[in-house]
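Contents: one structure, followed by commentary.
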Amino acid sequence: MVREDGWHYIYADGACARNGDDFNSMGVGVMIEDSKGAGVFEAGMWMSIGSSNIAEYIAVIVALFKSEEL
């Protein structure tokens, strides 16, 4: 999708294995696209223990920190 607005678009997601149980591993994924739809940053991380909510927050935080550099 080509957008003519000059913005970057962030896609962030997080998940947790067996959410609701104690001591579950979680993963996060982040992608940032430019206004032409080209990927300018991608990251995926398998993290220690937490919940799906924590994983979602971490994904957004990673995306925001990286977006400052773009």
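Do we find a residue being assigned to a strand (DSSP E or B), more than 10 Å from the chain's Cα centre (by Cα) and among the aromatic types (Phe, Trp, Tyr) anywhere in segment 3-26?
Within segment 3-26, the subset assigned to a strand (DSSP E or B) is 9-16, 19, 21, 25-26.
Of the ones still in play, those that are also more than 10 Å from the chain's Cα centre (by Cα) are 9, 15-16, 19, 21, 25-26.
With among the aromatic types (Phe, Trp, Tyr) added as a condition, the list becomes 9.
Within segment 3-26, one or more residues are assigned to a strand (DSSP E or B), more than 10 Å from the chain's Cα centre (by Cα) and among the aromatic types (Phe, Trp, Tyr).
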- Task: For segment 36-70, enumerate the residues that are of a type in the set (Gly, Ala, Ser) and either in contact with a strand residue (DSSP E or B) (Cβ under 8 Å, 6 or more places away or on another chain) or crowded, with 17+ Cβ neighbours inside 10 Å (or both).
- Result: GLY39, ALA43, GLY44, SER48, GLY50, SER51, SER52, ALA55, ALA59, ALA63, SER67
- Subset of segment 47-70, residues more than 23 Å from ASP21 (Cα to Cα) and hydroxyl-bearing (Ser, Thr, Tyr), comes to SER67
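Would you be able to say whether some residue in segment 54-70 is without any contact (Cβ under 8 Å) to a residue 60 or more places away in the chain and part of a loop (DSSP other than H, G, I, E, B)?
Of all residues in segment 54-70, those without any contact (Cβ under 8 Å) to a residue 60 or more places away in the chain come to 54-69.
Within this subset, residues satisfying the condition of being part of a loop (DSSP other than H, G, I, E, B) are none.
Checking segment 54-70: not a single residue is without any contact (Cβ under 8 Å) to a residue 60 or more places away in the chain and part of a loop (DSSP other than H, G, I, E, B).
Which residues, counting only those in segment 1-35, are among the small types (Gly, Ala, Ser), at pLDDT below 85 and either surrounded by 14 or more Cβ atoms within 10 Å (Cβ to Cβ) or closer than 19 Å to LEU70 by Cα (or both)? Break it down stepwise before answering.
Start the filter on segment 1-35 by keeping residues that are among the small types (Gly, Ala, Ser), which leaves 6, 12, 14-15, 17, 20, 25, 27, 29, 35.
Checking which are at pLDDT below 85 leaves us with 6, 20.
The answer is GLY6, and nothing else.
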- Task: Filter segment 1-45 for residues that are polar (S, T, N, Q) and touching a Cys at 6+ places or on another chain (Cβ under 9 Å) and give the result.
- Result: ASN24, SER25
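The values are calculated or read from the model by the stated rules, or taken from the named source; none is laboratory data. All figures in this text were calculated on a predicted structure; none of them were measured in a lab. Neighbour counts are summed over all protein chains in view; Cβ atoms, including those assigned to glycine, are modelled from backbone coordinates with ideal geometry.
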